[in-house]
Amino acid sequence: MDDKITRREALKGIFFTGMGIAASSLLLKSQNSSAGPRTHQIPWKEAPAGTKIDSRTWDKMGETLGMLGLGCMRLPTLSGDTGGYGRRRPLDQEAVNKMVDYAIEHGINYFDTAPAYGESEVVTGKALSRHPRSSFKIATKLSNMNGRATLEAGKQMFETSLKNLQVDYIDFLLLHNLQNMSGFNTRFRNNGLFDWILEQKASGRIKHLGFSFHGTNDDLPGLVDLYDWDFVQIQLNYADWKEMSRGWGGSSGTTSSEFLYNYLVGKGIPVLVMEPVKGGALANVSEGVATVLRERHPDLSPAANALTFVGSLPGVMVTLSGMSNMEQLKENVSLFTDFKPFSDSDMAFMHNVADLYKSKGQIPCTACSYCMPCPAGVDIPGNFKIFNSASDALLTSETGRKDVVEKRKAFLNLYNAQEKGIRADACISCNTCLPKCPQHISIPQHLERIRELAARI
Ligand code: SF4
Ligand code: SF4
């Protein structure tokens, strides 16, 4: 296979420059969407029965997709626990059925899952099989990471996905978690898997082909030039717009949602967005950040602010939100029904909020659990969640302040309430988790800091 598989034709489409937003009707036209910025604040209420979320049409693909997609990585579990390593615990089929029914009734037609999401494909497949095939689009992935990079393993994974999802074609197939050319070569080129994937596409078993990206700004162009991709999935949210936190030994370079988005839009490639709420972190911001958001948009929750930021970008094909219960789904459906995009000044405001958010020193964990299982038993995302619940109080030098003392106590209680074997102090610094984290978090170093803090308070 040549480096250049297919060269994209002259670039047309949409471009997002600075804070100005422009859309080309060649690629995108909004349907059922309110023009103009959000000017009236309306308290959140459930979208009436019979209404649908706004959609966008992507002419080149011939698809009309609801602006909001149901991410199936954090589906409800029977235990009710969706945090930490929860996605591998038994999922609640009945609850998922109800969510899928509500989603389809309200115009969500994009459902995103992956073999790497535990039971998700099976449960999502069961829920969707109760609906006509024409009423939903399935997105799944080739998650051939972690020693599964052979041709046979890749083929088997794709066939299993079809079986689990009870379909005979995949609408949107993604090469999962591409970071750089070396990863593409190992997992897809050298073993012949990419050629096989292209054969499946030619035969109609894959309708649209793309990849999910977790590399640096410098890594994206080479991957984009490999093939005439139908779409690309990137991490995009207001906190990561200017720069994502990165940094463990093997990773250098910068990643920013702004660069990735503008690059893809400049190439005329629809942008699929993951982590618009940063794995829930932007829904559970500190009180200081929440207050600033509330003053500007009293009707929007922190999560709704984050989702509106993403939905306001015209090159975004679908905003995926990993919803864990009906309440979240209903609020998100309400937000994307008669969607009110942010004005340019709202977008600029969100960049300032990002600076404030970052000053709180949160660990940029999205609770994806790709780093799990830890051989020593540590619940990595669970410990990071506990730290993030009090990060500003843990990092401030004003340790005598009443609110700081209370937050630190609350942190310690949560930390100690964990079983001993899953706490940060069980980490043996083996570094097994490091290369698995798509956020490139210095996991053992952060765990060591959490251990120290817990011992000191
Ligand atoms: S470095 Fe620590 S957290 Fe990571 S896999 Fe090893 S023991 Fe687990
Ligand atoms: S530490 Fe990284 S891999 Fe692990 S859950 Fe958080 S973001 Fe995902």
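Worth pointing out:
- Candidates are the residues of segment 440-450 that are near ligand 1 (Cβ under 9 Å from one of its atoms) and touching a residue at least 60 places away in the same chain (Cβ under 8 Å); the one that is nearest to residue 178 (Cα to Cα) is 443.
- Leading residue by the ranking (modelled with the highest pLDDT) among those in segment 362-420 that are in a loop (DSSP other than H, G, I, E, B), away from ligand 2 (no atom under 16 Å from the Cβ) and within 29 Å of residue 117 (Cα to Cα): 419
- In segment 314-324, the condition of being surrounded by fewer than 22 Cβ atoms within 10 Å (Cβ to Cβ), away from ligand 1 (no atom under 16 Å from the Cβ) and in the same structural domain as residue 238 (by TED's automatic domain parsing) is met by at least one residue.
- Residues that are in a helix (DSSP H, G or I) and either crowded, with 16+ Cβ neighbours inside 10 Å or free of Cβ contacts under 8 Å to residues at least 24 places away in the same chain (or both), drawn from segment 156-175: 156, 157, 158, 159, 161, 162, 163, 164, 165
- In segment 411-439, the residues that are closer than 30 Å to residue 235 by Cα form Cβ pairs under 7 Å with partners that are at pLDDT below 95 and within 7 Å of ligand 1 (Cβ to nearest atom), at six or more places apart or across chains, as follows: 433/371; 436/371; 437/371.
- Unmet criterion (only one of (1) surrounded by 21 or more Cβ atoms within 10 Å (Cβ to Cβ); (2) over 26 Å from residue 177 (Cβ atoms); (3) in contact with an Asp or Glu (Cβ under 7 Å, 6 or more places away or on another chain); (4) not polar (S, T, N, Q)) for residue 330: (1)
- So residue 456, is it free of Cβ contacts under 8 Å to residues at least 12 places away in the same chain and either away from ligand 2 (no atom under 16 Å from the Cβ) or crowded, with 19+ Cβ neighbours inside 10 Å (or both): yes
- Residue check, residue 447 within 12 Å of ligand 2 (Cβ to nearest atom) and either in contact with a Leu (Cβ under 6 Å, 6 or more places away or on another chain) or in a helix (DSSP H, G or I) (or both): yes
Yes/no per residue for (1) under 23 Å from residue 346 (Cβ atoms); (2) assigned by TED's automatic domain parsing to the domain that holds residue 333; (3) in a strand (DSSP E or B); (4) under 15 Å from the mean Cα position of the chain (by Cα):
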site	(1), (2), (3), (4)
194	no, yes, no, no
204	no, yes, no, no
237	yes, yes, no, yes
253	no, yes, no, no
262	yes, yes, no, no
265	yes, yes, no, no
293	yes, yes, no, no
299	yes, yes, no, no
305	yes, yes, no, no
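- Residue 125 buried (at least 22 other Cβ atoms within 10 Å of the Cβ), touching a Lys or Arg at 6+ places or on another chain (Cβ under 9 Å) and part of a helix (DSSP H, G or I): no
- The set of residues in segment 319-347 that are in contact with a Gly (Cβ under 9 Å, 6 or more places away or on another chain) and of a type in the set (A, V, I, L, M) comprises 320, 323, 333, 335.
- Condition met for residue 289 (in contact with a strand residue (DSSP E or B) (Cβ under 8 Å, 6 or more places away or on another chain) and outside any loop (DSSP other than H, G, I, E, B)): no
The values are calculated or read from the model by the stated rules, or taken from the named source; none is laboratory data. Source: prediction; values computed, not measured. Don't worry about glycine lacking a Cβ; one is built from the backbone with ideal geometry, like all the others, and counts go over all protein chains shown.
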